[in-house]
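Shown below is the structure under consideration.
The values are calculated or read from the model by the stated rules, or taken from the named source; none is laboratory data. For clarity, every value in this text was computed on a predicted model and none was experimentally measured. Note that we place each Cβ from the backbone using ideal geometry, even for glycine, and neighbour counts take in every protein chain shown. Just so you know, the surface numbers come from the protein's heavy atoms only, side chains and all, with ligands and any DNA or RNA stripped out. Shrake-Rupley method; radii C 1.70, N 1.55, O 1.52, S 1.80 Å.
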Amino acid sequence: MSEQHHPLTDFVEYPQQEMLERAQAHYQDIKRRHSIRKFSDKPVPQEIIEQCILAAGTAPNGANHQPWHFVAINSPDVKAQIREQAEAIERGFYDGRAGEEWLDALKPLGTNASKPYLETAPWLIAIFSQKRMETEVGDKNNYYVHESVGIATGFLIQALHNAGLGTLTHTPKPMSFLSKVCERNADNERPYMLLVVGYPAEGATIPDHAINKKPLEEIMTVL
Ligand SMILES: Cc1cc2nc3c(=O)[nH]c(=O)nc-3n(C[C@H](O)[C@H](O)[C@H](O)COP(=O)(O)O)c2cc1C
């Protein structure tokens, strides 16, 4: 491919005061994102999910190979299959596979093997990472796959929050069953994360533990 460039025409520079206000407003808004574990069954139009996935697809990534695929699941039948398999895995996890230290760390969140939200929430988004990129002239290697898909997932969570939706990052371990349920090619794609998406149920709560975020001086060093 030739090394052609276009002029950058859509960068927006704000006055410094406005920059600060925008940064503050963004922080205040993203502070309201919480992992939701009790979802309502209120439907969410597909086109909203599509816009959020388009936003995720703009994430920076290794060599612009965009090593991701998003399976948006609305089908009650597929959601039921995912719940059944995820809960079976979670039972093994909570019954010992996790180990004492991990289970201790999860205690303040109050999570257990029961995952009704996998069926209640209107959408599940299964995110897959791709080892290689298929092109017309054959396969090409992908680079920084884990980092790239992580950033795209962050963009997606942010886009969903910005649209007014609640999310939960759910990671039953192992997640390989998702390849089969979602009919993806397991040779090239690995399930990366399962996002539960929808409106919080009435009376949904968030664990006190999760609200405690580290202060700036602990997470930032200026040199
Ligand atoms: C990679 C990853 C995996 C997670 N897996 C689960 C999970 O399987 N089940 C769950 O209830 N929460 C899961 N969480 C959510 C975390 O518990 C949650 O983000 C954390 O407690 C902070 O709370 P907050 O998201 O409300 O800020 C996961 C989060 C991440 C980033």
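Considering only DSSP beta bridges whose two residues both sit in the chain, what percent are antiparallel, to the nearest 5?
Details: 24 of 25 bridges.
Restricted to the chain, the bridges split so that about 95 percent are antiparallel.
Run the helix sum for the chain: -39,500 (n - 2.57) per DSSP H stretch of 4+ residues, divided by residue count, reported at 222 nm to the nearest 500 deg cm²/dmol.
About -11000 deg cm²/dmol.
Roughly speaking, to the nearest percent, how much of the chain's 1.4 Å accessible area is carbon and sulfur?
52
Please give the contour-minus-distance gain from Thr171 to Leu223: 0.36 nm per residue of separation, less the Cα-Cα distance, rounded to one decimal in nm. Mind dumping the intermediate values first?
On the way: separation 52, 0.36 × 52 = 18.72 nm, distance 3.63 nm.
Length difference between fully extended and current span is 15.1 nm.
Compute the signed sum of charges (Lys and Arg +1, Asp and Glu -1) over the other residues within less than 11 Å, Cβ to Cβ, of Tyr199.
0
Mean-square fluctuation check for the chain, GNM, Cα pairs under 10 Å: which of Tyr94, Tyr192, Tyr14 is largest?
Per the Cα network of the chain with a 10 Å cutoff, Tyr14 tops the list.
Moving on to the next point. For segment 75-223, with every protein chain kept in place, what is the accessible area per residue (1.4 Å probe, Å²)? Write down the numbers at each step before the final one.
On the way: 8910 Å² over 149 residues.
Computed with neighbouring chains in place, this is 60 Å² per residue.
Something else: In the chain, with Lys and Arg counted as +1 and Asp and Glu as -1 at Cβ, which of these residues, Ile151, Gln81, Ser179, has the Cα nearest the positive end of the dipole, that is, farthest along it?
Selected residue: Gln81.
Can you give the FRET efficiency to the nearest 0.05 for Lys42 and Ala80, using r as the Cβ-Cβ distance and R₀ = 22 Å?
The pair Lys42/Ala80 has a calculated efficiency of 0.75.
Evaluate the charge dipole of the chain about its Cα centre and quote only its size in Debye, nearest 20, assuming +1 on the Cβ of each Lys and Arg and -1 on the Cβ of each Asp and Glu.
Dipole of the chain, to the nearest 20 debye: 520 debye.
Next question. Under 30 Å between C-alpha atoms is the cut-off here; go through segment 36-201 and count lysine pairs that meet it, provided they're at least eight residues apart or on different chains.
Total qualifying Lys-Lys pairs in segment 36-201 comes to 25.
Sticking with this one: If you take the beta carbon distance between Ala23 and Lys131 as r and set R0 to 30 Å, what does 1/(1 + (r/R0)^6) give as a FRET efficiency, to the nearest 0.05?
Working from the Cβ atoms, E equals 0.25.
Starting from the Cα of Tyr144, step 7 Å along the direction of its Cβ; do the same at Thr58; then give the gap between the two resulting points in nm.
Here the modelled spin labels are 1.9 nm apart.
Taking the Cβ-Cβ separation of Glu87 and His209 as r and a Förster radius of 25 Å, what is the calculated FRET efficiency to the nearest 0.05?
About 0.60, to the nearest 0.05.
On to the next question. Highest mean first, what order results for 172-183, 26-37 on Cβ atoms within 10 Å?
In descending order of packing, they fall as 172-183, 26-37.
Still on this structure: Considering the chain as a Gaussian network with a 10 Å cut-off on Cα pairs, which listed residue, Glu119, Glu84, Glu47, attains the greatest mean-square fluctuation?
Maximum among the listed residues: Glu47.
Along the principal axes of its C-alpha atoms, what lengths does segment 36-201 span, in descending order and rounded to whole Å?
Computed over the Cα atoms, the extents are 48, 36, 29 Å.
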